[in-house]
Amino acid sequence: MPTYASLALVAVAVSTLAAAPFYLSDYGVGLLIGMSGYVTLATAWALFSGPTRYVSLATVAFFGIGAYTVAVFSETLPYPLVLLLAAAIGGTVAAVVGLSTLRLAGVYFVIFTFGLAELVRQTVTWWEVNITGTLGRYIFLPFEGRHIYWQLLALLTVTMLIGWLIGRSRIGLALKAIGDDEAVAAHAGIDVTRTKLVLFVLSATIITLVGAIQAPRWTYIEPSIVFNPTVSFLTLIMALLGGPMRLWGPMVGAVPLFLLFEWLSANFPNHFSIFLGLLFILIVFVMPNGVLAKLEGIRKGAAQ
Amino acid sequence: MFEHIVNGLVLGGTYALIAMGLTMQYGIARIMNLAFGDTIIVACFGTYLLVSAFALSPLLALLILVPGAFVFSYAVFLALMQPLVARAPNREALEVDSILVTFGLLFVIQGILLVIFGGAYTSYSYLNVGVNVLGTTVSANRLLAFVMALVFGGALMFVLFRTRWGMMLRAVELAPESAPLYGIDVDRVARYAFAVGGALAASGGVVVSMYQTFTATAGVVFTMKALIVVILGGKGSLIGALIAGIVLGIVETLVAAYIDPGLTLAATYAVFLAILLFRPTGLFGSAA
Amino acid sequence: MTLQLEVANLQKRFGGLVAVNDVNFSLQAGEIVGLLGPNGSGKTTVLNMISGALQADGGRVVFRGTELTRQKPHRIAQHGVARTFQLVRPLPTLTVAENVLVSFAFGRYRHWGREAEKLVEEKLEFVGLEGRGRERVGNLTYIDQKRMELARALASEPSLLLLDEWLAGLNPSELKTGIELVQHLQGAGITILLVEHIMEAVRALCTRCIVMNAGQIIASGPSAEVLQQKEVILAYLGDDHA
Ligand SMILES: Nc1ncnc2c1ncn2[C@@H]1O[C@H](COP(=O)(O)OP(=O)(O)O)[C@@H](O)[C@H]1O
Ligand SMILES: [Mg+2]
């Protein structure tokens, strides 16, 4: 059971974060939106990919689906319904991907997700050009930056809560067992395919919602904007840097990397993907299990 | 119709060629290289540069780019992959690590290409004249591309099936655990297989650039197609890759001709989905 | 006597190799039956097909009237068939207790919470790992990992247990404890299929034995008879193990 002290701490942290827009400039709120968006993406990504070690490269496919759903339906449907619809579409795509790959070896999943964003991008482009005859779309929703931020903060809080609950539940244990040895997990009675599927759909649905909530920020949307592969890449680096096996890991990785990314894209707009690529390779070599695990290792080493 | 079949064969020949390269890297060197398609794109731009700036023929570009890619891939293997191989406790761990590192590499290569060439569609004109083949007109560059794919593919087959070195490669592919018992240095074979895979990718890039436009960000699509061809053909089967490449080339060409060119990747994915659902071991792979 | 497991015409090929060729046998409830044979004769492959790790190319496996042949491993585990592995396979990032808890949580009767923790402690005590639940499996000795694996198999509360050379590598005193443990399981009503090379254990435990060679059953019957025959067989096949 959580102690009352830690519950109080979380409540204070969330309300401080929620109050932040009242004290910040528009630029500051913009940063908070980006940061909470990426923290949520990385946390949701790690929900599935962390324990199972099935590396999903499709983050932006779902993110983009969310954004596009909002762009298409925001004028015809009430906003909460649009969010629900986005979640449903993202979840359905994830279910199709999962059902066709997750009963096979992990590499099929990676391959499928690797090209998925490009597939969705090309298909949406084709649809818009040939069927609806418009490539770009405008989103007119009466949201200011802080409204978007609050929604993201709420989604992040829920995501963390889900992660925490999973960590204490049967399904959390099942995921860890699957990550260690699928065959042993199956012989112990775990329905390996179903467990992976449920978690992948959950993770993808949250990612879709991040895209949907952030969409109004752009005002103008087209496939090349919302299906930008850098989003998948950043999410992956962030989760790995912090440590995808721990609840707080992705957040620990996402905050500094987001700031770094902001700085890089402001100062070296053409070179950031080179920097990030190199940084990412370095992370895989130096701390394959993330900063938190590294720190723990150092602490243990010092204690001995 | 016949025209599309011929064009499909040309495209399929190229796919088969690059899929053979990927088979060398994944089947023999055991590295899942997500930056594979970016090697192809680098070769495309390299050819473009040599053709447009130095007025070289693409055939001469081949002589520079293919050895260049061999050396580059060899260096990548030594610097990035060998340490991963050394630290991996098992095959799965190596797979995850190599996926991650080559995913990073992909962004590095793509970033460099974007800085140098920008993000636009690029192409050059070479042998852009029609040739009559059995009653239909095919452009000469496509024909040459097809012949080159055949020559490279044939040469690889010859090496693999008729030389001692090729026998070593196949031994490592079929039985990596027991190959050392026969005095085969598996690490060395892996290094060379990875480098040869890179060289094949580059040759595929030169071939592709002769008849298609390309962009700095198209590497992902080539990697996907090569992977799908490898899986469709059955992992490790070169004959399978050949046939699967041609199947995919024809499917794509027909979709582009009769449905919509914007849906070729969707068609590729449909093929992929069908294999995953009905025959994950591939058309020619043995059920393990 | 009630029929527990029936294996009929079981068949498995790996490429050109026929690893298991037309294997037939059945187990009665409460029996311990030895599955013997030289290395590579197909014993592990038989266990793999019963437990669902491998799909049989032909034949059937029927467990207490239920067809297991094309079922997935987790369904088979939930039906009450548990196994250990020839080379121990601990779940390395989990603690000893969590390793065992996995089977309680997803096995036949799905326990969770306080109750499951208590059951885990009991199982650990049963195999001689009392109080070691919080350790990392990586810190356990090989023998203790084997104990842990037995506890994990028992935690799914099976009525049929498949032991793949579980007693191999134990020293004489450990072997004695090990044999007693298995006898206890029989006392608790569990049917056991025991793949084993150690003749002392086979003699002490098994009422019946099945001998395989090159994928086929070449002898079966009461242990005493089969083991006598086995002398002959060994002389004929060559003795490639102790
Ligand atoms: N997954 C597999 N793939 C290919 N061959 C296998 C596989 N599993 C077992 N074999 C082969 O099948 C035969 C029987 O093996 P196994 O059942 O492990 O024998 P045993 O347990 O009696 O020592 C051996 O020749 C072995 O090499
Ligand atoms: Mg065995």
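Only the coordinates and a few stated rules stand behind these numbers; no lab work does. Because the structure is predicted, anything quoted here is derived from the model rather than measured. Positions of Cβ are generated from backbone atoms using ideal geometry, with glycine treated the same way; all protein chains shown enter the neighbour counts.
Once C-alpha pairs closer than 8 Å and six or more residues apart are averaged by separation and normalised to the residue number of segment B:2-278, the relative contact order reads 43 percent. Ranking A:VAL120, A:ALA212, A:LEU278 by Cα position along the charge dipole of chain A, where only Lys, Arg, Asp and Glu carry charges on their C-beta atoms, puts A:LEU278 farthest toward the positive end. Here the Karplus curve 6.51 cos²θ - 1.76 cosθ + 1.60, taken at θ = phi - 60°, turns the phi angles of segment A:43-56 into couplings of 5, 5, 4, 6, 3, 9, 6, x, x, 7, 6, 8, 6, 8 Hz, with x standing for Gly and Pro. Cβ-Cβ distance of A:TYR4 and A:GLU296, R₀ of 30 Å, FRET efficiency by 1/(1 + (r/R0)^6): the value works out to about 0.65. Local charge for B:LEU11 was computed over the other residues whose Cβ lies under 11 Å away, with Lys and Arg +1 and Asp and Glu -1, and equals +1. Here the residues C:LEU101, B:LEU114, ranked from fewest to most Cβ neighbours within 10 Å of their Cβ, fall in the order B:LEU114, C:LEU101.
Just tell me the longest site-free run in chain C, where the sites are trypsin sites (Lys or Arg not before Pro) in a DSSP loop having at most 12 other beta-carbon atoms within 10 Å. Here the longest run is C:135-242.
One compactness figure for segment B:2-278 is 0.98, namely its Cα radius of gyration divided by 2.2 N^0.38 Å. Taking label points 7 Å from Cα along the Cα-to-Cβ direction, A:ALA13 and B:ASP185 give a separation of 5.3 nm.
Shape analysis of segment A:197-304 places it in the oblate category; the axes a ≥ b ≥ c from the Cα gyration tensor give an a/c of at least 1.5, with a/b not above b/c. For segment B:2-278, a crude dipole built from +1 on the beta carbon of Lys and Arg and -1 on the beta carbon of Asp and Glu, taken about the Cα centre, is about 420 debye to the nearest 20. Oblate is the label for the protein assembly as shown. Its Cα gyration tensor axes, ordered a ≥ b ≥ c, give a/c of at least 1.5 and b/c at or above a/b.
Each residue in B:MET24, B:MET224 was given a count of other beta-carbon atoms within 10 angstrom of its own, and listing them fewest first yields B:MET224, B:MET24.
Report the residue, chosen from C:GLY113, C:GLY187, C:GLY16, that carries the largest GNM mean-square fluctuation when chain C is represented by alpha-carbon nodes joined by springs under 10 Å. So, out of C:GLY113, C:GLY187, C:GLY16, the one fluctuating most is C:GLY16.
Stretching the chain fully between A:ALA88 and A:LEU260 yields a gain of 58.6 nm (0.36 nm per residue, less the alpha carbon separation). Each Lys and Arg contributes +1 and each Asp and Glu -1, all at the Cβ; summed about the Cα centre of the protein assembly as shown, the dipole is approximately 140 debye. How high is the FRET efficiency between B:GLU177 and C:ARG13 when r is their beta carbon distance and R₀ equals 22 Å, given to the nearest 0.05? Calculated transfer efficiency: 0.65.
For chain A, modelled as a GNM whose springs connect Cα atoms under 10 angstrom apart, the maximal fluctuation among A:LEU141, A:LEU47, A:LEU282 occurs at A:LEU282. Summarising the strand pairing of the protein assembly as shown, around 65 percent of its internal DSSP beta bridges are antiparallel. Dipole of segment A:20-303 computed with +1 at Lys/Arg Cβ and -1 at Asp/Glu Cβ about the Cα centre; of A:HIS187, A:ILE148, A:VAL255, farthest Cα towards the positive end is A:HIS187.
Note on chain A: with a GNM built from Cα contacts shorter than 10 Å, the maximum mean-square fluctuation among A:LEU241, A:LEU17, A:LEU197 falls on A:LEU17. Remark: segment B:196-201, residue by residue, has Karplus-estimated 3J(HN,Hα) of 4, x, x, 5, 5, 4 Hz, where x stands for each Gly or Pro and the curve is 6.51 cos²θ - 1.76 cosθ + 1.60 at θ = phi - 60°.
When +1 charges are put on Lys and Arg Cβ atoms and -1 charges on Asp and Glu Cβ atoms, the dipole computed for chain C relative to its Cα centre reaches about 740 debye. Placing dummy labels 7 Å off each Cα toward the beta-carbon, the span from C:LYS118 to A:ASN289 is 3.4 nm.
Pull out a ≥ b ≥ c, the square roots of the eigenvalues of the alpha-carbon gyration tensor of chain C, then state rounded if a/c is under 1.5, prolate if not and a/b is larger than b/c, and oblate in the remaining case. Prolate, since a/c reaches 1.5 and a/b exceeds b/c. Simple rule: put +1 on each Lys or Arg Cβ and -1 on each Asp or Glu Cβ in chain C, find the dipole, and look at C:PRO92, C:MET199, C:GLN183; the Cα lying farthest toward the positive end is C:PRO92. Take the Cα of B:ASN90, step 7 Å toward its Cβ, do the same at A:VAL158, and the gap between the two points is 3.7 nm.
Neighbour counting of Cβ atoms within 10 Å sorts the residues B:MET167, B:MET210, A:MET160, fewest neighbours leading, into B:MET167, A:MET160, B:MET210.
For the pair B:VAL147 and B:VAL131, the difference between a 0.36 nm per residue extended length and the Cα-Cα distance amounts to 4.4 nm.
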